[in-house]
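Just below is one structure, and these are the notes that go with it.
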Amino acid sequence: MRDNILTILKSRVVLADGAMGTMLFEKGAESARCFDEFNLSRPELVGSIHDAYIDAGAELIETNTFGANRYKLAGFGLEGHVEEINRTGAHIARQRAGEDRWVAGSLGPLGRLRDIAPSPKEIEDIYIEQAQALVAGGVDILILETFSSLTTLLTALKAVKQTVSIPVVAQMVFTGQGQSLDGRDPAACFVALCQAGADVVGLNCGIGPKGAFDVLSHAGTIDCPLSVFPNAGFPEQLNDRLIYKSTPEYFARVTAQCASLGARLIGGCCGTSAEHIAALRTALEAKPGISITARAPHKASETVTAPTKSAFAQKLGTKKMILVELDPPKHMDLSGLIKGSHALAQAGADAVTMAENPLAISRLSNIAAALIAREKTGIEPIIHLTGRDRNLVGMQSVIMGLAALGLQNILAITGDPPSVGEERVTGVYDLKSYELIKLLDSFNHGKNASGEDMKQPGSFCIGAAYNPNTANMALQVRRMERKIERGANYFLTQPVYSREKVDRILEMTSHIKTPIFLGIMPLASSRNAEFLHNEFPGIDIPESIRKRMHEAGENGMHVGVDIAWELLEYSWPHFAGVYLIPPFNRYTMALELMERLGRRA
């Protein structure tokens, strides 16, 4: 079991890991990619780097979240994924570290500021958001690192210290001339950071081991424990790469000397690898008077990480997508479903959604239908999961089964109530949409409803419903916010039928960063329009549209597609994508809309 790291730092050195970016690059990651996003799309790669540092003897590993703040993620269109990327990054590191090592949540600077720089309050909010997500993921300590501006670091430190109760390390970048990039003396920086509440202060990046030693030599007496994470010397440009030529042995020999100057948390930064950390451990163990704990065994059972995210989850928020509802049949013949799934896959649909017994009328299991459709056509399914039909025991069993089958895309909803007059049918409703979303999110963090360890986290991409067809739309938006707090990753709206409604949705949800897919249901006939308007829950069709469908007569399906297209064309630029709901599983209507959208592009 881990001791409090601040207690340990009072008595001995703690060996940290080295660079994450350097190791990712060495393993083939493209420099233009968002490395922080690999927590979601390539968790095994991130975990393998943690493993390498642990095997090298590191007692503390940092999360792959250096640039995972809202400001920097916006450059990749990922600003809506701050919480997910940080919690997942912390969770990966926590699993790899086990119970005998510490995990530090990495928070880097905002990078190059844009034309309008964030205000101090905005900077505080940015770091509060990231820190809260890292703590929720299970880190033991936070490291604010690679800050060139003392002012910005103090702002971030203030925000984080007011938000979390775990220790915080604050690290500056210094030049070869022994000053910060904004011209401040290291000792003055360290004193200011200690006085502002930092539990550990120090330096990282910018300079190599000799420069780090020189900075600490002139730091004087500091009330806080000191940390030092130097680069592997100075880099040399080779084509599109920065090459660090100093050997692990040189890095280790000089960096280890920092312990004699009071450094207690020691690791590496840019250019360092597992080889550098292994050499540093050897050098520290060989120094007289330097105490470092014996290596804790690295158990294979500790190397479990979250499964790779689904293709849908990886694309979510990064490109516009087309989702099509294709429901299981009320009988045992799946040929129509398979044919439709194949046609939609060939046409470029990103996923098909499969409802679970809509209107509480029995259909073939949507889980079985989704699995068969995926296996036979390659289409990615989104499974509607309702709280209506299962108690908590049954729901958890189904969730574990979905994880085992690799069915990761879920739409969590309460479910339509059983029809009046069906006396033998009762709704269970142990879980309504809020509770179901929270339960799925709990499984994503490896825990069931009772908090028991599931040995393997889920990787569910959790969707939720949003109904704009109510008089009190503000209430529905507040419901969206509550669902986001519980773990919702995206929203599908009920079908809408007017530009006015679209404009109202955009106005009311302008502050919502979670992706929203606009629901569009083409009308098949006047009779279909009247039924949906008068009898189907959550749908409101304007009188002008119903009149237009009435006048269409036998040409109703064609006019219905035209009406849907007019709304789709108007709405497409403003949403994460579209959720097409063809009536009676007439997927050819969705194909027509997709073809028109393709021609428009």
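Structural remarks
- With a Förster radius of 30 Å applied to the beta-carbon distance between Lys10 and Thr247, the computed FRET efficiency rounds to 0.40.
- Rel. contact order, % - alpha carbon contacts under 8 angstrom, at least six apart, the chain: 11 percent
- Applying both filters, DSSP loop and at most 16 other Cβ atoms within 10 Å, to the GluC sites (Glu not before Pro) of segment 16-67 gives Glu30.
- Placing pseudo-labels 7 Å out from each Cα toward the beta carbon at Thr221 and Ala136 gives an inter-label distance of 4.4 nm.
- Chain lengthening between Glu500 and Lys287 when straightened (0.36 nm per residue, less Cα-Cα): 69.3 nm
- Extending 7 Å from Cα along the Cβ direction at Thr470 and again at Asp125 yields two label points whose distance is 2.6 nm.
- Per-residue Cβ neighbour counts within 10 Å put Met594, Met549 in the sequence Met594, Met549, beginning with the fewest.
- If you wrap segment 16-91 in the convex hull of its Cα atoms and look at it from every side, the mean projected area works out to 4.7 nm².
- Evaluating 6.51 cos²θ - 1.76 cosθ + 1.60 at θ = phi - 60° for every residue in segment 425-438, the Karplus couplings come out as 9, 10, x, 7, 6, 4, 10, 9, 4, 4, 5, 5, 4, 4 Hz, glycine and proline recorded as x.
- Averaging the Cα positions of each part gives two centres, and for segment 1-40 and segment 358-408 these lie 38 Å apart.
- Around the Cα centre of the chain, unit charges on the Cβ atoms of Lys, Arg, Asp and Glu (plus for the first two, minus for the last two) sum to a dipole of about 280 debye.
- Between Lys447 and Met454, the built amide H atoms are under 5 Å apart, and every one of these is 5 or more places off in sequence or on another chain.
- Cα centroid separation - segment 98-153 against segment 198-215, whole Å: 18 Å
- Selected from Gly176, Asn489, Ser450, residue furthest toward positive end of dipole (the chain; charges at beta carbon): Gly176
- Positive-end ranking of Ala370, Leu154, Gly336 along the dipole of the chain, with charges on Cβ about the Cα centre, is headed by Leu154.
- Other-chain or far-sequence residues with amide H under 5 Å of Leu411's (modelled H): Ile383, His384, Leu385, Gly463
- Rg [Å, one decimal], Dmax [Å, integer] - segment 495-601, C-alpha atoms: 13.6, 43
- Normalised contact order of segment 320-600, rounded percent, pairs of Cα under 8 Å and 6 or more residues apart: 17 percent
- Taking the DSSP beta bridges with both ends in segment 320-600, the antiparallel portion is around 5 percent.
- Spin-label model distance (nm) - Lys447 vs His550, 7 Å beyond Cα toward Cβ: 5.6 nm
- Annotation: the residues Tyr497, Tyr429, Tyr490, sorted from fewest to most other C-beta atoms within 10 Å of their own C-beta, follow the order Tyr429, Tyr497, Tyr490.
- Backbone amide hydrogens, once placed in the peptide plane, bring Tyr466 within less than 5 Å of Leu492, Thr493, Gln494, excluding anything fewer than 5 places away on its chain.
- Across segment 320-600, the convex hull enclosing all Cα atoms gives 133 Å³ per residue.
- Once you reduce segment 423-488 and segment 558-590 to the center of their Cα atoms, the two points are 27 Å from each other.
- Considered as an equivalent ellipsoid built on the Cα gyration tensor, segment 369-517 has semi-axes of 27, 19, 17 Å, the largest given first.
Throughout, read-outs are computed from the coordinates displayed, never taken from laboratory work. Since we're looking at a predicted model, the values are computed, not measured. We place every Cβ from the backbone using ideal geometry, glycine too, and count neighbours over all the protein chains shown.
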